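Encoded as structure tokens, the structure appears first; notes follow it.
The values are calculated or read from the model by the stated rules, or taken from the named source; none is laboratory data. Since the model is a prediction, treat every value here as computed from it, not as a measurement. Ligands, DNA and RNA are stripped out before the accessible areas are found, and what is left, the full protein with its side chains, is counted by its heavy atoms. Shrake-Rupley method; radii C 1.70, N 1.55, O 1.52, S 1.80 Å.
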Amino acid sequence: MANSVQALKRAKQAEKRRQLNASQRSAMRTSVKKVLAAIQSGDKEQANVAFRAAQSKLDGMARKGLIAKNKASRSKSRINARIKAMA
């Protein structure tokens, strides 16, 4: 447990930030799952719409440092390849 006022404040801030990061990470994963679900259903137009939203989320997370830039790029590339592979 924190022994000083400053350490207590830092602990509170860290916990608030952890919860925010977890929420944002979850939203990012959900947006990616929506794209994959649209691909699975075979709806290319819906997949493209969902991909644009997921792309924005991935870029935002990379910009904030929640995920690595390469991970965002790799995810976008793989999802886009799946969309292009559709009929």
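Think of a 1.4 Å ball rolled over the protein heavy atoms: segment 9-69 then has 71 Å² of accessible area per residue.
Applying the Karplus relation 6.51 cos²θ - 1.76 cosθ + 1.60 with θ = phi - 60° to segment 15-27 yields 3J(HN,Hα) values of 5, 4, 5, 4, 5, 5, 4, 5, 5, 5, 4, 5, 4 Hz, where x marks Gly and Pro.
Considering helices alone, the calculated mean residue ellipticity of the chain at 222 nm is -30500 deg cm²/dmol, with DSSP H runs of length four and up weighted by -39500 (n - 2.57) and normalised per residue. Overall, the ratio between the Cα radius of gyration of the chain and 2.2 N^0.38 Å, rounded to two decimals, is 1.45. Using a probe of 1.4 angstrom, how much of the accessible area of the chain is carbon and sulfur, in percent? On the chain, the fraction of accessible area on carbon and sulfur atoms equals 50 percent. Translational diffusion of segment 12-59, estimated by Stokes-Einstein from the Kirkwood radius over alpha carbon pairs at 10 °C in a medium of 1.306 mPa s, is 138 µm² per second.
Mind checking the angle between helix 69-85 and the chain's longest principal axis? C-alpha axes, 0 to 90 degrees, to the nearest 10. Long axis of 69-85 versus the principal axis of the chain: about 20 degrees.
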